[in-house]
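Taken together, the values in this text are just the output of simple stated rules run on the coordinates, not laboratory data. Please read all numbers here as calculations on a predicted model, not as lab measurements. Note that each Cβ is placed from the backbone with ideal geometry, even for glycine, and that neighbours are counted across all protein chains shown.
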Amino acid sequence: MRGLRSAIGLLTRLPVGHVGEADLPKAVGWAPVVGGLIGLVIALVYSLSLEALPSLPAAGVALTLGVLVTGAFHEDGLADAADGFGGGSDREDVIRIMRDPMLGTFGVVALVTSFALKLGAMTVLGVGEALVILPAVHALSRGASIGLMAAMPPASAVGVGVAHADVGNGRRAIRGILAAIAISLLLLGWWAVAFVALAGLGAVTMGWIAQNRIGGFTGDVLGAVEQVGEVMLLLMGAALASTGVVTGAWWA
């Protein structure tokens, strides 16, 4: 239960007491579970909003609530990573830009593009699709971040790098990855295989960029992996929903 509390404290703004980066190892195994619950909340808000609003503003309301619940935790990482990788000339310059609290052009473009793609993808989903796709997307995108953290060295000995030795390839990381896969299987059936593969592709791509630019991952890179995963998986979910392949829970 301490791991669950740590995951809630790190991934949301819910008041569960002080939680810092030192609590990351305990939270890793629970992160996809919390992510799935965040996706479920977003799906419920979207479904309820559809009772009074067209799909576009309903999706906007749901996504905005999601940002408020998480405190734009992963979005901040995406923006910083986009600024660093887009504007940095060498390793030191990339890391310096990532640590700069000011938002640059690349970061703004990344955030706008990410939000627009997620918004457009959500408008395709009906209530049944949203309730199974969104929790799976949020669980798997956080599982992708855990996978990258387990597979790569940290680029710095500070921040998440401090906790890396306690996460690494150990049981906590494996539990987190398996939890993400299990949630997606429960919700999507065998379509989860395609979703897991796509989440892995996004993580590998971001990991390759990070390895070549800064020699490892940072907290911002992990946030970017989660956001890239969300976008890619939501687009796949929208494609399946628009063709009628996924219309609700396979077990319903």
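Tell me the net charge near residue 212. Cut-off is 13 Å between Cβ atoms, residue 212 excluded, with +1 for each Lys or Arg and -1 for each Asp or Glu.
+1
Binning every alpha carbon pair distance of segment 66-136 at 10 Å from zero, what are the percents per bin?
The calculated distribution, bin by bin, is 19, 39, 25, 14, 3.
What angle, in degrees between 0 and 90 and rounded to the nearest 10, separates the Cα long axis of helix 219-242 from the longest principal axis of the Cα atoms of the chain?
Helix 219-242 and the main axis of the chain meet at about 20 degrees.
On a 0 to 90° scale, report how tilted helix 31-49 is relative to the longest principal axis of the chain, with both axes built from alpha carbons and the result rounded to the nearest 10.
Tilt of helix 31-49: around 40 degrees.
Once Lys and Arg get +1 and Asp and Glu get -1 on their Cβ, which of 144, 66, 56 lies farthest toward the positive end of the dipole of the chain?
Among 144, 66, 56, the one farthest towards the positive end of the dipole of the chain is 144.
Skipping prolines and chain starts, which residues have an amide H placed within reach, meaning under 5 Å, of the one on residue 217, given they are 5 or more residues away or on another chain?
HN-HN under 5 Å from residue 217: 155.
Once every Cα of the chain carries one equal point scatterer and solvent is ignored, give the base-10 log of I(q)/I(0) from the Debye formula at q = 0.09, 0.10, 0.18 Å⁻¹, two decimals.
Taking Cα atoms of the chain as identical point scatterers yields -0.36, -0.44, -1.42.
What's the magnitude of the charge dipole for segment 1-93 around its Cα centre, counting Lys and Arg as +1 and Asp and Glu as -1 at the beta-carbon? Answer in Debye, nearest 20.
Roughly 600 debye, rounded to the nearest 20.
What list do you get for 141, 49, 89 if you sort them by fewest beta carbons within 10 Å?
89, 49, 141
Kirkwood Rh, segment 102-145, all Cα pairs: how many Å?
When all Cα pairs of segment 102-145 are included, the Kirkwood radius is 12.1 Å.
What 222 nm value per residue comes from the helices of the chain, counting each DSSP H run with n ≥ 4 as -39,500 (n - 2.57) and dividing by all residues, nearest 500 deg cm²/dmol?
Mean residue ellipticity at 222 nm (helix-derived): -25000 deg cm²/dmol.
Where the only charges are on Cβ atoms (+1 Lys, Arg; -1 Asp, Glu), what is the dipole of the chain about its Cα centre, to the nearest 20 debye?
Rounded to the nearest 20 debye, it is 640 debye.
Helix 2-11: angle to the longest alpha-carbon principal axis of the chain, degrees 0 to 90, nearest 10?
Here the helix axis deviates by roughly 90 degrees.
Determine the dipole magnitude for segment 41-96: charges of +1 sit on the beta-carbon of Lys and Arg, -1 on that of Asp and Glu, nothing else is charged, the reference point is the Cα centre, and the result goes in debye to the nearest 20.
Magnitude of the dipole: close to 220 debye.
Please compute the volume of the convex hull spanned by the alpha-carbon atoms of segment 1-151 and report it per residue in Å³.
125 Å³
Give or take rounding to whole Å, what are the principal axis extents of the alpha carbon atoms in segment 28-77, in descending order?
If we take the Cα atoms of segment 28-77, the spans are 37, 21, 12 Å.
Among 24, 117, which comes first, then next, by fewest other beta-carbon atoms within 10 Å?
117, 24
What percentage of all Cα-Cα pairs in segment 42-104 are separated by more than 19 Å?
49 percent
For the chain, what relative contact order do you get, as a whole percent, if you take Cα pairs closer than 8 Å and at least 6 residues apart?
That works out to 27 percent.
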